[in-house]
Amino acid sequence: MFFLKNQNSRKLKLFLISIIIILLGIIIAVFSRYRNILDETAGLESAIRSGAKMSLGKVHHTATRNGVIEWNLDANSARLLDGKKQLILDDLSVVFYMKDGEKAYLAAEKGFLHTDSNDIEVAGNVVVKNKNYVLKTEKLNYEHTPRILFSNVSVEISSDSEKLTADSISFDLNTKKIMLEGNVKGTFSENIKL
């Protein structure tokens with residue numbers, strides 16, 4: 001009889017210890033989730049304090065004119081500035097569509113999208129690529145109405161057979177005309193076709 005009481009007492013102790021361990025696990029899980037929510041809230045509060053009206057993650061924006069898509073923009077995050085009609089963008093990429101079906105791909109670390117005009121300013125390891133050329137610079141602007149990309153800081157344009165550098169560039173997406181100005185220098189391979 002004593003053996004049965006002792007065995008029941010052990011089972012009861014094991015059951016109570018199991019319940020305590022399970023409850024501790026639940027409390028730790030709830031605390032961890034609550035701490036993550038607090039960290040996310042702190043990030044949002046700092047964005048609000050910095051003048052942002054709204055903060056977003058993973059943004060996609062498409063600009064159209066007369067039913068034709070002119071460009072698509074994707075960014076890892078965006079903050080809408082209060083009263084300025086600007087989105088501050090992080091890690092962004094833009095695909096520009098040209099009338100002949102070709103595409104130009106832009107990537108940059110930071111940027112601004114002016115929501116009232118669809119003009120874009122980008123900075124930080126700016127790279128623009130199409131099927132033939134790669135353009136690299138630190139700052140680049142896009143004016144939406146005339147569809148012009150331009151930079152007033154040094155640029156480098158390269159392909160398999162050539163490399164050009166200049167102090168500034170202007171590229172018309174409608175006509176595909178490029179204007180390079182200031183200290184324009186070039187290197188061409190012997191396989192270039194003029």
Filtered residues of the stretch 110-124 (kept if crowded, with 18+ Cβ neighbours inside 10 Å, at pLDDT 90 or above and among the aliphatic types (A, V, I, L, M)): Ile120, Val122
Scan the stretch 159-182 for residues that are within 21 Å of Tyr97 (Cα to Cα) and of a type outside the set (A, V, I, L, M, F, W, C) and jot them down. Ser159, Ser170, Asp172, Asn174, Thr175, Lys176, Lys177
Scanning for something in contact with a His (Cβ under 7 Å, 6 or more places away or on another chain) and polar (S, T, N, Q), does the stretch 114-121 turn up at least one residue? yes
Given the structure, is Leu92 under 16 Å from the mean Cα position of the chain (by Cα), crowded, with 17+ Cβ neighbours inside 10 Å and over 19 Å from Phe150 (Cα atoms)? no
Candidate set from the stretch 97-109 (those that are closer than 10 Å to Val126 by Cα and of a type in the set (A, V, I, L, M, F, W, C)); member that is surrounded by the fewest Cβ atoms within 10 Å (Cβ to Cβ): Ala107
In the stretch 60-89, anything without any contact (Cβ under 8 Å) to a residue 60 or more places away in the chain, within 16 Å of Leu149 (Cβ to Cβ) and not hydrophobic (A, V, I, L, M, F, W, C) is listed as Asn72
Quick test for you: out of Val153, Val126, pick the one residue that is assigned by TED's automatic domain parsing to the domain that holds Lys58 and assigned to a strand (DSSP E or B). Val126
Ser77 passes all but one of (1) hydroxyl-bearing (Ser, Thr, Tyr); (2) over 16 Å from Leu56 (Cα atoms); (3) in contact with an Asp or Glu (Cβ under 7 Å, 6 or more places away or on another chain); which number fails? (2)
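The values are calculated or read from the model by the stated rules, or taken from the named source; none is laboratory data. What you see is a predicted model; the values in this text were computed from it and never measured. FYI the Cβ positions are ideal-geometry reconstructions off the backbone, even for glycines, and counts take in every protein chain you see.
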